[in-house]
Protein chains: 2
Amino acid sequence: MVKAKAKSQKCCTASEKLSLPDVAWAEDLARLGWALAHPARVRIVRLLLSRTSCMCGEIVEEMPLAQSTVSQHLKILKETGLVQGEIDGPRVCYCINEAAMAKLKQLIADL
Amino acid sequence: MVKAKAKSQKCCTASEKLSLPDVAWAEDLARLGWALAHPARVRIVRLLLSRTSCMCGEIVEEMPLAQSTVSQHLKILKETGLVQGEIDGPRVCYCINEAAMAKLKQLIADL
DNA sequence: GTCGTATATCGTATATCGACGATAGTCAAT
DNA sequence: ATTGACTATCGTCGATATACGATATACGAC
């Protein structure tokens with residue numbers, strides 16, 4: 001129930017609870033933060049940023065991980081939208097989604 | 001460092017493998033990213049940023065989570081260094097660690 | 001001292017992550 | 001159609017995250 005907080009609103013007016021947009025915003029940033037929450041994924045993102053694109057096989061060679069594990073991380077990065085991949089013959093060429101990258105930087109900068 | 005990579009060098013010189021600093025750097029960012037990898041923690045950080053400081057109890061009131069759960073998230077945020085708390089009588093006053101915050105923004109911006 | 005408040009920690013249950021090998025699917029070349 | 005190279009998905013396992021209630025701890029008020 002209402003905590004009958006008739007007390008003098010203290011110093012910092014417990015704020016106006018959490019606004020809905022705030023919740024959605026938090027989930028957005030959490031999703032992007034989670035994409036970078038593993039060293040392997042950070043390394044993949046950094047690798048892709050250092051080139052304009054990169055074959056999946058090259059990524060696997062750079063990492064001390066099994067191919068299937070790298071594929072998993074790539075899937076996560078694709079789900080968060082940070083990375084996109086297009087099929088190029090029998091290979092897949094991955095690259096950074098600049099828009100998502102910009103959004104991430106924006107969200108962090110606006111923190 | 002001398003990779004003596006007598007291999008076929010392919011199209012794009014599989015780069016010079018991963019340099020050690022790069023690995024440490026990735027882990028740094030991953031740790032900070034992980035701090036923000038949960039909506040509850042994002043909200044806590046945002047709440048703290050909107051004030052100069054905040055009592056633990058106020059944070060709990062803002063969140064739809066049990067007190068013990070919020071305490072756990074605060075512990076994680078303290079471990080990553082993003083947040084610091086000082087005891088103020090029977091309460092604890094949390095605030096953002098500006099230095100860690102700056103480092104996070106720097107790491108993201110430099111991506 | 002006791003009582004009440006505020007916070008942290010413990011114990012535990014469930015869910016998800018992160019890793020791997022094995023397998024399935026796709027495409028180019030033959 | 002068969003082969004070979006590349007990538008994605010499946011199944012599984014141990015480790016960890018997340019959530020909660022219960023309990024422990026620290027402090028101020030009385």
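Only the coordinates and a few stated rules stand behind these numbers; no lab work does. Note that this is a predicted model, so its numbers are computed, not measured. Note that we place each Cβ from the backbone using ideal geometry, even for glycine, and neighbour counts take in every protein chain shown.
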Candidates A:Ala66, A:Ala100, A:Ala37, filtered to the one that is surrounded by 16 or more Cβ atoms within 10 Å (Cβ to Cβ) and within 11 Å of DNA strand C (Cβ to nearest atom): A:Ala37
Subset of the stretch B:46-61, residues within 9 Å of chain A (Cβ to nearest Cβ) and within 14 Å of DNA strand D (Cβ to nearest atom), comes to B:Met55, B:Glu61
Some residue of the stretch B:62-79 being part of a helix (DSSP H, G or I), more than 16 Å from B:Cys95 (Cα to Cα) and facing chain A (nearest Cβ under 8 Å): no
Starting from residues that are free of Cβ contacts under 8 Å to residues at least 24 places away in the same chain and not polar (S, T, N, Q), keep the ones in the stretch B:69-87 and report whichever is farthest from DNA strand C (Cβ to nearest atom). B:Gly81
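Yes or no: the stretch B:20-38 includes at least one residue that is of a type in the set (Phe, Trp, Tyr), within 22 Å of A:Val42 (Cα to Cα) and more than 7 Å from every other protein chain (Cβ to nearest Cβ). Give the derivation first.
Residues of the stretch B:20-38 that are of a type in the set (Phe, Trp, Tyr), as a first pass: B:25, B:34.
Narrowing the set further to residues that are within 22 Å of A:Val42 (Cα to Cα) leaves B:25, B:34.
Applying the additional criterion that residues be more than 7 Å from every other protein chain (Cβ to nearest Cβ) yields B:25.
Scanning the stretch B:20-38 turns up at least one residue that is of a type in the set (Phe, Trp, Tyr), within 22 Å of A:Val42 (Cα to Cα) and more than 7 Å from every other protein chain (Cβ to nearest Cβ).
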Scan the stretch B:84-104 and tell me whether some residue there is within 16 Å of DNA strand D (Cβ to nearest atom) and part of a helix (DSSP H, G or I). no
